[in-house]
Amino acid sequence: MTLKITISAPFKHTRKTGMRKNELVYYYALDRKWMSTEQANMLLIRAEEDGLLSQQNGFFSPRFDIHEIIVPVGFKPTSSIFERNDPSQELIGRIAKSQGIQETTVVSEMNRIIKEQFDGNLLPAAALVLLAKKYNVPFKDQRDALAGTIKKG
């Protein structure tokens, strides 16, 4: 969520729907002094890769509703925004939390689905999506990241 807050902040503060790269880098690095210009450029690349920003005609726009995001007063992102989260691990955690069970139990069930229902011919990310659907756990925000792991795998 911190990454979404960081991405939405310049758009919310300037009340713009699209901003050029140099405007965003200026906002993050020079105006707010949240990070270096190099880190700001890395942030934009990561946000695009994660499907949070899209670029069209030189303008970046958020691919999520920024009006749902609240930027707390005095907000400053931590270095954790540069860390990649494993979407499969995130979904395992969500399923475990929603069902009140251990993550190892979710992994066991995932493995059982792969082995028993698909004869080992299903990738773990796909099995996790099936489990998320079974338990009505939201996963759409992780869909692109999960699809990326399937394509790489």
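Less than 15 Å from a label point 7 Å out along the Cα-to-Cβ axis of residue 144: which backbone N atoms in the stretch 8-26 qualify, by residue?
Residues passing the 15 Å test: 8.
At 0.36 nm per residue, and after removing the present C-alpha to C-alpha distance, how many nm does the segment from residue 83 to residue 59 gain when stretched out fully?
Length difference between fully extended and current span is 6.2 nm.
If you take every residue apart from residue 67 with its C-beta less than 14 Å away from the C-beta of residue 67, what net charge results, scoring Lys and Arg +1 and Asp and Glu -1?
Summing Lys/Arg as +1 and Asp/Glu as -1 gives +3.
Quick check: net charge around residue 23, other residues with Cβ under 11 Å of its Cβ, Lys/Arg +1 and Asp/Glu -1?
So the environment of residue 23 carries a net charge of +2.
Treating the beta-carbon of each Lys and Arg as +1 and of each Asp and Glu as -1, no other charges, what is the dipole magnitude of the chain about its Cα centre, to the nearest 20 debye?
Charge dipole of the chain: 340 debye, to the nearest 20.
For the stretch 2-82, with only Lys/Arg (+1) and Asp/Glu (-1) charged at the beta-carbon, what is the dipole magnitude about the Cα centre, in debye rounded to 20?
It works out to roughly 240 debye.
Mind giving me the nanometre distance, one decimal, between the label points for residue 71 and residue 16, set 7 Å out from Cα along Cα→Cβ?
Placing both labels 7 Å along Cα→Cβ, they lie 1.2 nm apart.
Each value in this text was obtained by applying a stated rule to the coordinates, not by laboratory testing. Note that the structure is a prediction, hence the values are computed from the model and not measured. All Cβ positions, glycine included, derive from the backbone under ideal geometry; neighbour counts span all protein chains shown.
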